[in-house]
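Beneath this line is the structure, given in structure tokens, with notes to follow.
The values are calculated or read from the model by the stated rules, or taken from the named source; none is laboratory data. Just so you know, these numbers come straight off a predicted model, no measurement behind them. Because the Cβ atoms are built from the backbone with ideal geometry, glycine has one as well, and the counts that use them run over all protein chains shown. These accessible areas exclude ligands, DNA and RNA; they are computed on the full protein's heavy atoms, side chains included. Shrake-Rupley method; radii C 1.70, N 1.55, O 1.52, S 1.80 Å.
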Amino acid sequence: MSKYDFLDDAFFSNLIDEGTDFIPLLSSEDEEKVMGGNIPDVLPILPIRNTVLFPGVVLPITVGRDKSIKLIQEANKGTKIIGVIAQKDQTVDEPDAKDLNSIGTVAQILRLLKMPDGSTTIIIQGKQRFKVNEIIEENPYIKAKVSLVAENPTPKDQNFKALVDSIKDIALRIITESPNIPTEASFALKNIESPSFLINFIASNLPVEVAEKQKLLEEVNVVQRATSLLEKLSKELQMLELKNDIQTKVKLDLDRQQREYFLNQQMKQIQEELGGNPQEKDIEEFERLAEKKKWPKEAKERFEKEISKLQRINPMAAEYSVQLNYVETLLELPWNEYSKDRFDLKKAEKILDRDHFGLEKVKQRILEHLAVLKLKGDMKSPILCLYGPPGVGKTSLGKSIAEALGRKYVRMSLGGLRDEAEIRGHRKTYIGAMPGRILQNLKKAGTSNPVFVLDEVDKLTRDAHGDPSSALLEVLDPEQNNTFYDNYIELDYDLSNILFIATANDLSSIQPALRDRMEIIEVNGYEVEEKIAIAKHHLIPKQLKEHGLKAKDLTLTDEVLEKVISEYTRESGVRQLDKTVAKLVRYAAKSVVMKKKYNKKIKASELLEILGPGRTKDAYEGNDVAGVVTGMAWTSVGGQILYIETSLSKGKGKVTVTGNLGDVMKESASIAMQFIKANCDKYGLKPEVFNNWDVHIHFPEGATPKDGPSAGVTILTALVSIFTQRKVKNKLAMTGEITLRGKVLPVGGIKEKILAAKRAGIKEIILCEDNLKDVNEIEKKYLKGLKINYVSTMDQVIDIAVLKQKVANPRIIS
């Protein structure tokens, strides 16, 4: 590359004559010479299109218009100085004054060339900006009075230097990224010393619209012009990098496809020489397995159709794997394959009793089903739903039932399931499609009649993908599930021989239509006596075995187990009890390993040291205070006794109820109060008493939410006691709903409530006579020592519960 003075015609001519390839450069001194010189007031105007001439930049232009050729010829013979202005509209062939921009560039003709095709080309160099003041001639070509546009001085500060360096760096990156720009252009950019010429040179070669270049030309502030140029260069670089990325990806994809094609061709050749095509072998294997299947007619026809389609598909095609998966799924499903049921009812009963204590209703239902199955030979399996609190053995019961029946066991957790496709499957057209989890579990089981546990059916959710509980309506309907339709298989599948056992903690969250299809069997929580038996027969032997101890290494008495259950666990089931027993076993294991002396028969007094402090056990508190009555409550972790306290204070008849109560319990208090007011004569009370005293009813343990109608009789008894100042019968508890007419209605949770009362030292209980059937379901040994009074009206309750005897120091209520 050479530096030269562009005003030296002879030197420039030599370069042209020698045919030298060059990119013109300007030093600071060259720029001053180019920008200098006298410019006439009147200039011939050469309109150009598709580009803009910038000061200092050399530009070749092909001249074709007659006016322009005449202008060039005359100017070349004279001063060689012309004005160059870009057209506003590039499509105008014969522009006049209104079609030109007002700002242009003074140019010097460096060379005029006659081309072989007869056209004329000039090489011009921009000198300075000018502004058209007036058009004085339009024929034979445009002439105009002009004035030079002064450019602001080039700053010398670091900010401007950094701006110019940024422009140069991005321009060099564009040269590197673009396949259409020769790499030699980067040498030219690196050798340009003048900042203003660098800006003009890059702006001239920038691939943007003419209007954008014209704006850069018209900008006299070099800093602003440089900033605008930097923005346009940045956009151009981003577009270029994006195009290159796309082209690279396309090229890589093509290269990868070609490589895979050649490799597959080579592999195919190798496989043929080794003895056959693997795809053909797979199809032969599928056909061999299909011969042994007990296909339904529709399934067999579908398999033959799909295997035929698989043979026609190119193994390289994307749909080949989809078709292959479908054929494999059809083969793996246990069509008409059933395990043989074990009809030994005594052995089945023995297995159920071995694994689970209690749960008599469930065991009885399973044995009934086996009996009918043995007599009839074929029967649609029942859809059972075991409903009860956590930890009572609902899920593990399914495993015991499967063993008792001699069937395979399958468990499917539904907790948190929210996609209908999890039940019915996806359509096979989707990528990654698969059957629903019902059929997937049957594939694992290998039979079409397993014991299928649907765990946590009450915890199904729903979202935009559908409602899985609605999909289960078909699965759990004995009238429909013999033709269960899976979206992936697209064939009917018979689920009627499956023994479905659903488990749930809360029936209210199960869709009513789904709940209606299931046979609900309530699995109540275990009582203390039952938990002691479970711990002795199941939990302690299991924990000793898991911790490597023998029966002689640790003994837990009934007294210790009862203290553990009542003070260290608070649950309906035995899950927490199992963990607590494990802690006692670990204590023994640690003592054995460390060879420490310990009491192999743990005493109740040692539990504080081993397990820490427990909670206080419920206990009866006496009947010395008027208005305090013992009620019985049901909770999710079992029954407990509940005290109701009442007090009177001088006032205007206001009734206050506290203790974190629900609306139903508050309504019970209102009914009780209204009943006493309506029947005050029966209790020797005057009507004005209720206007002179404020009543406060409180349920202790305020942090615990309480609700339900079963405290009605207890509240009424407490109110009668406080207004009459009479004692309540000693060691008496009660439960029941009341009405405004004084009727006592039945309530639930009787078994849990009675056993909780017995543990608390209660000797006598008041129940609604309609609850007799619930009491009859409780084993007699648990009722020993209890007197149960059955009533139908509140008058009977008061006669039994409220004594004629006054409390000590009775208040005068009037």
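Roughly how many nanometres apart are two label points built 7 Å out from the Cα toward the Cβ at Y598 and D516? Going from the Y598 label point to the D516 one covers 5.7 nm. Near N152, within a Cβ-to-Cβ distance under 14 Å, what is the net charge of the other residues, with Lys and Arg +1 and Asp and Glu -1? Net of charged neighbours comes to -1.
Secondary-structure-derived ellipticity at 222 nm for the chain, considering helices only, amounts to -13500 deg cm²/dmol, per-run term -39500 (n - 2.57) for DSSP H runs with n ≥ 4.
Any number yet on Rg/Rh for the range 529-630, C-alpha, Kirkwood?
1.09
Normalised radius of gyration (Cα atoms, divided by 2.2 N^0.38 Å) for the range 658-739: 1.11. The simple Förster model, with R0 at 51 Å and r as the Cβ-Cβ distance, assigns K70 and N152 a FRET efficiency of 0.85. Taking only the Cα atoms of the range 701-783, the ratio Rg/Rh comes out at 0.97, with Rh defined as the Kirkwood radius. Taking Cα atoms only, the orientation of helix 278-292 departs from the longest principal axis of the chain by about 20 degrees.
Note on the chain: with neighbouring protein chains present and a 1.4 Å probe, carbon and sulfur make up 50 percent of its accessible heavy-atom surface. With K and R counted +1 and D and E -1, the other residues having a Cβ less than 15 Å from that of G702 yield a net charge of -1.
As a calculated quantity, the FRET efficiency between L373 and D492 at R0 = 22 Å, using C-beta atoms, amounts to about 0.40. With no solvent and one equal point scatterer placed on each C-alpha of the chain, evaluate the Debye formula and give log10 I(q)/I(0) for q = 0.08, 0.10, 0.11 Å⁻¹, two decimals. Debye curve over Cα of the chain, log10 I(q)/I(0) at q = 0.08, 0.10, 0.11 Å⁻¹: -0.85, -1.10, -1.22. Evaluated at 10 °C with a viscosity of 1.306 mPa s, what Stokes-Einstein diffusion coefficient in µm²/s does the range 107-250 have when Rh comes from the Kirkwood expression over alpha-carbon pairs? Value of D from the Cα-based Kirkwood radius: 89 µm²/s.
Subtracting the Cα-Cα distance of K781 and F160 from their residue separation scaled by 0.36 nm leaves 213.5 nm.
Under 25 Å of direct C-alpha separation, and excluding same-chain neighbours fewer than eight residues apart, K804 reaches these lysines: K650, K677, K682, K686, K727, K729, K731, K743, K763, K787.
Taken over the range 374-490, the convex hull of the Cα atoms encloses 124 Å³ per residue. Residue-wise HN-Hα couplings along the range 748-765, as the Karplus relation 6.51 cos²θ - 1.76 cosθ + 1.60 with θ = phi - 60° gives them from phi, are x, x, 4, 4, 5, 5, 4, 5, 5, 5, 5, 4, 7, x, 6, 10, 9, 9 Hz; Gly and Pro carry x. Listed values for the range 115-126 are Karplus-derived 3J(HN,Hα) couplings in whole Hz (6.51 cos²θ - 1.76 cosθ + 1.60, θ = phi - 60°), namely 8, x, 7, x, 7, 10, 10, 10, 10, 10, 10, x, and x replaces Gly and Pro. Across the range 702-814, the relative contact order, built from alpha-carbon pairs under 8 Å that are at least six residues apart, equals 34 percent.
With a Cα cut-off of under 23 Å and a minimum spacing of 8 residues unless on different chains, the lysine pairs in the range 95-216 number 26. Each label point was placed 7 Å from the Cα along the Cα-to-Cβ direction; for S178 and Q238 their separation is 1.8 nm. By the rule of a C-alpha distance below 12 Å, with chain neighbours fewer than 8 residues away ignored, the aspartates and glutamates paired with K309 are E319. Solvent-accessible surface of the range 412-557, taken per residue with a 1.4 Å probe and all protein chains present: 42 Å². Using Cα pairs under 8 angstrom and six or more residues apart, how large is the relative contact order of the chain, in percent? Normalised by residue count, the contact order of the chain is 7 percent. Identify all lysines with a Cα-Cα distance to K590 below 20 Å; exclude those on the same chain that are fewer than 8 residues away in sequence. Reachable lysines: K542, K545, K550, K552, K579, K600, K601, K603. Can you give me the P(r) profile for the range 355-407? Cα pairs, bins 5 angstrom wide beginning at 0, each as a whole percent. Reading upward from the zero bin: 4, 17, 30, 26, 14, 7, 2, 1.
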